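Engineer: I have a structure here, written as structure tokens, and I will follow up with some questions on it.
The values are calculated or read from the model by the stated rules, or taken from the named source; none is laboratory data. All values derive from a computational prediction rather than experimental measurement. Virtual Cβ from ideal backbone geometry, glycine too; neighbours counted across all protein chains shown.
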Amino acid sequence: MRSGMTSEAIEVPVGGGAGGPTHDLEALWGEAGGAALDGAVLAPPHPLYGGTIDAPILLALAGAARDGGVRALRFNWRGIGASTGRATDDPAAAVEDYRAALAEVARRAPGRLFAGGYSWGAMSAARAAVGEPRVRGLVLVAPPAMMLDGDALAALDRDVLVLCGEHDRIAPPRRLAELLAGAPRARLVTIVGADHFFGASLGELADRTREWLAAIPR
């Protein structure tokens, strides 16, 4: 098993309508303890810069979700790994892929839904959660500040956990704090000594995610 966790390999269709799906996403649907009624989508970083289903931060988030009784779906963007279609840096395409993954999790998990991701995946999660009332919370790891909309985050009125590194130049803590100022249910956690890639701080990132999940009412 590539991830080191028990997961089911599935395909997520994107598109549809009379013409059928435009492409399929390679995905892994993970295990969780207990009743495991809750589900989450965890999206990787930028597809054109090595972002894949096995990104270490995604594995850390998936482990935290599993420990909290949440089954997580991780996927590869279109054109990456075994996902069909053409890889692209178009944010609209990323949101389309993410929403398809959310729809798949909504079909499989009757409980709470969570949207999460790392870097480009975090941006996609924030945008895709708009208009999805079943999404109870978001876990955004190092979201690119220039691609976040503070007003949109505030309008979501959901629990939001934003994790960033103290020395992250793509997701600088000060700028993220400014963007989240109008979102009272958002919590910003800055991990001391970490940069955009977190490195030795992956354990702390997972711990903070577990704590946040445990605090959200069922």
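Engineer: Answer yes if at least one residue in the stretch 125-139 is more than 18 Å from Leu25 (Cα to Cα), in contact (Cβ under 8 Å) with a residue 40 or more places away in the chain and in contact with a Ser or Thr (Cβ under 8 Å, 6 or more places away or on another chain), and no otherwise.
Structural biologist: Filtering the stretch 125-139 down to residues more than 18 Å from Leu25 (Cα to Cα) leaves 126-127, 129-139.
Of the ones still in play, those that are also in contact (Cβ under 8 Å) with a residue 40 or more places away in the chain are 136-137, 139.
Applying the additional criterion that residues be in contact with a Ser or Thr (Cβ under 8 Å, 6 or more places away or on another chain) yields 139.
Yes.
Yes/no matrix, rows are residues, columns are (1) out of contact with any Cys (no Cβ under 8 Å at 6 or more places or on another chain); (2) over 18 Å from Met123 (Cβ atoms):
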site	(1), (2)
Pro172	no, no
Ala177	yes, no
Ala181	yes, yes
Val192	yes, yes
Gly199	yes, yes
Ala206	yes, yes
Trp212	yes, yes
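Engineer: While we're on this one: Can you confirm whether Ala101 is crowded, with 17+ Cβ neighbours inside 10 Å, at pLDDT 95 or above and in contact with a Lys or Arg (Cβ under 7 Å, 6 or more places away or on another chain)? It would help to see each step written out before you state the result.
Structural biologist: Working: crowded, with 17+ Cβ neighbours inside 10 Å: yes; at pLDDT 95 or above: yes; in contact with a Lys or Arg (Cβ under 7 Å, 6 or more places away or on another chain): no.
In short, no.
Engineer: Name the residues in the stretch 32-83 that are out of contact with any Asp or Glu (no Cβ under 9 Å at 6 or more places or on another chain), part of a loop (DSSP other than H, G, I, E, B), under 19 Å from Arg108 (Cβ atoms) and among the hydrophobic types (A, V, I, L, M, F, W, C), would you?
Structural biologist: Once the filter is applied, which keeps residues that are out of contact with any Asp or Glu (no Cβ under 9 Å at 6 or more places or on another chain), part of a loop (DSSP other than H, G, I, E, B), under 19 Å from Arg108 (Cβ atoms) and among the hydrophobic types (A, V, I, L, M, F, W, C), the stretch 32-83 yields Ala35, Ala36, Leu37.
Engineer: Sticking with this one: Those residues that are more than 22 Å from Ala60 (Cα to Cα) and surrounded by fewer than 20 Cβ atoms within 10 Å (Cβ to Cβ), I need them from the stretch 71-81; list them, please.
Structural biologist: Residues of the stretch 71-81 that are more than 22 Å from Ala60 (Cα to Cα), as a first pass: 78-79.
Of everything in the stretch 71-81, just one residue is more than 22 Å from Ala60 (Cα to Cα) and surrounded by fewer than 20 Cβ atoms within 10 Å (Cβ to Cβ), namely Gly79.
Engineer: Give the residue that is modelled with the lowest pLDDT, with candidates limited to residues of the stretch 4-19 that are surrounded by 15 or more Cβ atoms within 10 Å (Cβ to Cβ), over 12 Å from Ala103 (Cα atoms) and not small (Gly, Ala, Ser).
Structural biologist: The qualifying residue modelled with the lowest pLDDT is Met5.
Engineer: Search the stretch 132-148 for residues being closer than 17 Å to Ala100 by Cα and in contact with a helix residue (DSSP H, G or I) (Cβ under 9 Å, 6 or more places away or on another chain), and hand back the single one that is surrounded by the most Cβ atoms within 10 Å (Cβ to Cβ). Even if it seems obvious, please write down each step before you answer.
Structural biologist: Kept after step one, since they are closer than 17 Å to Ala100 by Cα, are these residues of the stretch 132-148: 132-135, 138.
With in contact with a helix residue (DSSP H, G or I) (Cβ under 9 Å, 6 or more places away or on another chain) added as a condition, the list becomes 132, 134-135, 138.
Working: Glu132: 16, Arg134: 16, Val135: 23, Leu138: 25.
Among those residues, the one meeting the criterion is Leu138.
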